[in-house]
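This report concerns only the one structure given below.
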Amino acid sequence: MQQILLIVQILICVALVALVLLQQGRGADAGASFGGGSSGSLFGSRGPASFLSKLTAGLAAVFFANSLALAYISSQSVERRSVVERVQSQSVSETSESAGEDDDVPTLPGGGSEPNAQDVPQAPASE
């Protein structure tokens with residue numbers, strides 16, 4: 001459900017941006033982009049300004065409702081712990097996992113912990 005709402009949110013965002021860019025400023029000639037006197041067209045006698053502004057307002061209302069729905073769904077699916085509690089629980093689990101293992105100390109070949117006399121290089125004799 002959250003994925004569907006997220007896709008709808010993206011589509012609404014793109015549509016809102018396109019609608020805002022299509023609208024003319026208050027001082028601009030409203031019929032310039034859709035042709036001259038368009039009193040008998042789809043947009044009516046007032047021109048495209050009122051139609052586009054109503055469509056933009058409707059999409060904005062849908063955008064806000066969808067945002068609230070996404071916020072509600074995401075708040076229901078997240079466990080409610082602070083960041084400090086999460087970090088502390090992760091560090092406790094990591095230390096308990098690595099407590100039995102000594103990965104930091106390398107082992108010698110053969111399993112012994114003391115080096116043999118053969119493994120230690122001889123110092124050169126001083127002359």
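Quick notes on this structure:
- First in region 61-72 and loosely packed, with under 11 Cβ neighbours inside 10 Å, second anywhere and not aromatic (F, W, Y), Cβ under 6 Å, 6 or more apart: none
- Among (1) modelled with pLDDT under 70; (2) more than 33 Å from the chain's Cα centre (by Cα) - the single one F51 does not satisfy: (1)
The values are calculated or read from the model by the stated rules, or taken from the named source; none is laboratory data. Everything quoted here is computed from the prediction, not taken from an experiment. Neighbour counts are summed over all protein chains in view; Cβ atoms, including those assigned to glycine, are modelled from backbone coordinates with ideal geometry.
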